[in-house]
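For reference, the structure discussed in these notes is given below.
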Amino acid sequence: MTALADLAGLASFGGLGGPVALRLVPSLAGIAAIPLLAALGRRVGGDAAGIWTAVFTAVVPTAVMLSGFARMYGLAATLTVASALLLWRAVEKPGLARWAAYGAAAAAAVWTDYFSTVALAGIFVAALWLRPGWRTALVASGVTAVAVATIAPWLIVARAQFEHTGQGFWVPPLGPIMIGGTLAQLFMGPPLDSSMPYGYALIGLQSLAVMAGFAALAGGLIVWRRLGLEGHRAAMFCLISAGGVALLAVVSIWRPVLDARYASVMWLPLFAFAGVGLTAMPRRAAGLLIAAVAVPTMALSVATTHRETSSLVAQLDAQVGPRDLAAASLDDYLILLDETNPGVQSRLHVLTTVDLPWWVGTAAYPAGAVIGEVPADVVANRGRIFWIADPGMAAPALPPGYRSQSTRCAIEVCLTIYALGGG
């Protein structure tokens with residue numbers, strides 16, 4: 001009971017929406033992914049492969065970054081890995097409890113992220129590769145279909161999303177650079193901007209992790225013949241289970257959807273194959289490859305790799321008055337709405353002269369948050385305009401007479417104060 005109380009206290013740190021609470025679920029999911037992937041690796045290459053898979057998963061940048069990412073991708077990735085393992089066991093020894101466990105995990109994955117449906121398609125094809133009897137294949141098909149269908153009530157509620165089916169998306173068109181960049185993120189985690197502190201060094205370490213990760217996969221291919229019949233079947237199951245990524249690539253020929261965030265939900269079974277490759281190498285070589293992915297992970301965990309607005313919040317809290325305007329770009333608005341005091345929040349808006357893209361989540365903005373020009377009362381009262389945006393990005397639609405007074409920058413974000421007659 002004490003442990004549960006401590007966990008509840010940890011989860012509520014900073015309030016129910018605090019930083020620990022937001023990252024607790026993906027962190028626990030990331031921890032759970034380690035033994036799940038180890039189980040997949042063990043089925044391919046034995047106990048040693050399972051151990052190497054666990055070590056690799058625990059230190060590779062992608063898995064660690066997913067565990068700290070306060071969005072749905074980490075949890076969805078773990079649920080799809082669990083679905084793959086549970087379906088495999090259900091196909092081997094069918095039973096009501098095993099089918100129910102697989103169905104529950106698959107449904108939870110779909111409810112966590114829509115793209116888990118694509119992942120389940122690859123997992124189901126992988127199960128067919130195991131050549132189950134037709135009755136078992138039929139049950140697997142039915143349970144998978146029911147798990148996917150459970151999302152139907154939510155799709156009815158969220159049907160407004162389908163209104164944007166023919167509109168543009170942020171994912172770039174398919175091409176060699178796009179494919180290569182996406183595949184690199186299998187091991188390096190999210191890409192970094194070189195303008196970050198130590199940006200070039202961190203990017204270099206990420207490149208090292210990519211080379212080490214693909215070297216581990218290559219090791220798996222080299223020892224393919226040594227795996228035996230059962231090892232081949234298990235290895236192919238892991239490879240096909242990640243086949244949803246190939247499906248994303250095929251769909252992207254017509255409509256770009258190949259993005260590393262979406263692929264992260266479905267490609268983790270490849271880590272099991274990397275564990276097999278590490279097992280076949282001399283221990284020293286395998287240890288060096290583990291170090292080559294662990295060092296970038298430690299560096300990325302210590303370095304600041306995201307936009308930093310908190311250092312500007314104190315200035316906003318101290319200076320923004322009831323006659324001023326705090327105007328933010330769409331990238332900074334929501335975090336400032338969370339971090340600033342009520343006085344600033346009442347004067348905070350997204351200032352833009354163009355319609356916001358449909359995918360930015362404007363439904364999360366308070367009513368009237370987005371404005372197309374500086375309010376008349378700010379100009380009439382000679383109020384100041386506090387503009388928060390990317391470095392070098394000028395405030396749009398400034399009224400006549402407003403000039404830059406001062407600029408202060410943090411990581412990838414600047415605060416510029418405009419005033420009438422300032423300069």
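Identify the residue in segment 246-257 that is outside any helix (DSSP H, G or I) and surrounded by fewer than 16 Cβ atoms within 10 Å (Cβ to Cβ) and, among all such residues, is nearest to the chain's Cα centre (by Cα). My answer is 255. Of all residues in segment 114-138, those being more than 23 Å from residue 251 (Cα to Cα) and surrounded by fewer than 16 Cβ atoms within 10 Å (Cβ to Cβ) number 5.
Among the residues of segment 412-423, how many are in a loop (DSSP other than H, G, I, E, B) and either polar (S, T, N, Q) or open to solvent by 40 Å² or more (accessible area, probe 1.4 Å) (or both)?
Counting residues in segment 412-423 that are in a loop (DSSP other than H, G, I, E, B) and either polar (S, T, N, Q) or open to solvent by 40 Å² or more (accessible area, probe 1.4 Å) (or both) gives 3.
Look at residue 48 and say whether it is of a type in the set (A, V, I, L, M, F, W, C), within 25 Å of residue 132 (Cα to Cα) and more than 14 Å from the chain's Cα centre (by Cα). Considered against the rule, which asks whether it is of a type in the set (A, V, I, L, M, F, W, C), within 25 Å of residue 132 (Cα to Cα) and more than 14 Å from the chain's Cα centre (by Cα), residue 48 comes out as no.
Taking the condition in contact with a Pro (Cβ under 7 Å, 6 or more places away or on another chain) and more than 20 Å from residue 85 (Cα to Cα), does residue 211 pass?
Working: in contact with a Pro (Cβ under 7 Å, 6 or more places away or on another chain): no; more than 20 Å from residue 85 (Cα to Cα): yes.
Spelling it out, it is not the case that residue 211 is in contact with a Pro (Cβ under 7 Å, 6 or more places away or on another chain) and more than 20 Å from residue 85 (Cα to Cα).
From the list 109, 97, 58, 84, the lone residue that is within 30 Å of residue 21 (Cβ to Cβ), surrounded by fewer than 22 Cβ atoms within 10 Å (Cβ to Cβ) and not basic (Lys, Arg) is 58. With respect to the conditions (1) modelled with pLDDT under 95; (2) out of contact with any Lys or Arg (no Cβ under 6 Å at 6 or more places or on another chain), residue 81 lacks only one, and its number is (1).
For segment 344-379, the tally of residues that are among the small types (Gly, Ala, Ser), open to solvent by less than 40 Å² (accessible area, probe 1.4 Å) and modelled with pLDDT of 90 or more stands at 1. Checked against the criterion of being crowded, with 19+ Cβ neighbours inside 10 Å, over 21 Å from the mean Cα position of the chain (by Cα) and part of a helix (DSSP H, G or I), the candidates 312, 300 yield just one match: 312.
Taken over segment 258-279, the criterion of being open to solvent by less than 40 Å² (accessible area, probe 1.4 Å) and assigned to a helix (DSSP H, G or I) is satisfied by 260, 262, 263, 270, 271, 272, 273, 274, 275, 276, 277, 278. Residue 49 falls short on exactly one of the conditions (1) open to solvent by 30 Å² or more (accessible area, probe 1.4 Å); (2) of a type outside the set (Phe, Trp, Tyr); (3) modelled with pLDDT under 95, and that condition is (1). Filtering segment 231-245 to residues that are open to solvent by 10 Å² or more (accessible area, probe 1.4 Å) and either polar (S, T, N, Q) or farther than 15 Å from residue 268 by Cβ (or both) leaves 232, 233, 236.
Kindly evaluate residue 408 against the criterion of being modelled with pLDDT of 90 or more, open to solvent by 50 Å² or more (accessible area, probe 1.4 Å) and farther than 16 Å from residue 332 by Cα. Criteria not met by residue 408. Residues that are of a type in the set (S, T, N, Q) and open to solvent by less than 60 Å² (accessible area, probe 1.4 Å) were ranked within segment 174-196; the one that is farthest from residue 299 (Cα to Cα) is 182. Residues in segment 315-333 that are in a loop (DSSP other than H, G, I, E, B) and not charged (D, E, K, R): 320, 321, 322, 329, 330. Under the condition of being free of Cβ contacts under 8 Å to residues at least 40 places away in the same chain, within 18 Å of residue 347 (Cα to Cα) and open to solvent by 50 Å² or more (accessible area, probe 1.4 Å), the residues counted in segment 380-405 number 2. Only a single criterion out of (1) closer than 29 Å to residue 57 by Cβ; (2) open to solvent by 60 Å² or more (accessible area, probe 1.4 Å); (3) modelled with pLDDT under 90 is not satisfied by residue 171, namely (2).
The values are calculated or read from the model by the stated rules, or taken from the named source; none is laboratory data. Since the model is a prediction, treat every value here as computed from it, not as a measurement. Note that each Cβ is placed from the backbone with ideal geometry, even for glycine, and that neighbours are counted across all protein chains shown. All accessible areas refer to the heavy atoms of the entire protein, side chains included, with ligands and DNA or RNA removed. Shrake-Rupley method; radii C 1.70, N 1.55, O 1.52, S 1.80 Å.
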